[in-house]
Amino acid sequence: MSTATTGALTMRRISVATLATLTSVAAAVALPQVFHLAGSALGVGVALGQTFLPMHLPVLLVGFLAGPTVGLLSGLLAPVVSHLTTGMPMLPILPLMVIELGAYGLVAGLLRSARLNPLAKIILAQVAGRAVRALALVVSVGLLSNETVALSTIWTSIADGLPGLALQWVVIPAVLVAVGRASRREGRLG
């Protein structure tokens, strides 16, 4: 393969990775706003976002579809961009969200090619993300004497987010199956 061809392929990969990252970050910023608006209309405020974890969906999806680098970048950038543009997540929670979503995207990307049931992959990524968040919280409270976030947050976030975890168990496999079918169909046509 010539250097020009290799360079063109590298640019295409970079462009696809950049597009996937930007799309995921945009979705991870917009989707929670939809849930927050619905929550406001229903009189429950941001509770729908905390319950259904809408920011997690695009990050997990892009990790499974585009790999660990794009997943990690999306997970790290999404909460920061969301905070800067919408004020959510709030500043005391922002570092934990960055760490957790970065872990979700990275682990989902690492599991992308694993020969596991899609639901098993999702659960592994969810456990890893929550474990990394719990570890970051323990470090924050223990070593840094961060009193703005209580350790009880670990259990509360897991319990409150169960509907969101279940939503991910339904939506993500459906999208992965649809993308797989489209890719196979495109391969037969191309």
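The values are calculated or read from the model by the stated rules, or taken from the named source; none is laboratory data. These figures come from a predicted structure and were not determined experimentally. Cβ atoms come from the backbone with ideal geometry, glycine included; neighbour counts cover every protein chain shown.
Structure summary
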{"item": "Residues of segment 16-38 classified as free of Cβ contacts under 8 Å to residues at least 24 places away in the same chain and surrounded by 19 or more Cβ atoms within 10 Å (Cβ to Cβ), total", "result": "1"}
{"item": "Count - residues of segment 100-145 that are over 13 Å from the mean Cα position of the chain (by Cα) and more than 23 Å from Thr156 (Cβ to Cβ)", "result": "12"}
{"item": "Candidates Ala78, Ala134, Ala108, filtered to the one that is modelled with pLDDT under 95 and either assigned to a helix (DSSP H, G or I) or in contact with a helix residue (DSSP H, G or I) (Cβ under 8 Å, 6 or more places away or on another chain) (or both)", "result": "Ala134"}
